1. What do you reckon, is A110 closer than 16 Å to G15 by Cα and surrounded by fewer than 17 Cβ atoms within 10 Å (Cβ to Cβ)?
2. Would you tally the residues in the range 21-60 being part of a helix (DSSP H, G or I) and of a type in the set (D, E)?
3. Just give me the residues in the range 90-117 being part of a loop (DSSP other than H, G, I, E, B) and over 16 Å from the mean Cα position of the chain (by Cα), in sequence order.
Amino acid sequence: MSASLTHVVVFLHSGDYDRVHQGLSIAAATVASGRRVEVYLFWWALERFLDDALDEPDFMGRDDVTDRFEARGMPTLRALLAHLDDSGLFTLAGCTGSLGALGAEARADASGIPLWLGWSAILQRTAGVTDRFYL
């Protein structure tokens, strides 16, 4: 089986909590099945990570969803990340272009994002991957 059939890529652009949660949930399901996953952060998703806004669900204007989310003990973004990190099958990367557009270069080292890449490198790493998700 080729690497592209076992590898999953998630591109996170939106910083909305539900979209980031969905992306990390896809990644968690991927590692649970023994497959490698790479999550790439762009723009507002990257900003959420740079701001360390990973603990409190914030579903804008949907307190009912927030209450249900918490009552059911659904994992926070930070909890999903911890699970992914523990798997040994997960790579988290930030886009250097988005980092520059946000003017956040000074926060990159403290962000906890271990890998920083531009689009050329991202395209090389993800070439041939058929399982891609864009959120």
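No lab work stands behind these numbers, since they all come straight from the coordinates. The structure presented is a predicted model; accordingly, all values stated were derived computationally and were not measured. All Cβ positions, even for glycine, are placed from backbone atoms using ideal geometry, and neighbour counts span all protein chains on display.
1. no
2. Total satisfying the criteria: 1.
3. L102, G103, A104, D109, A110
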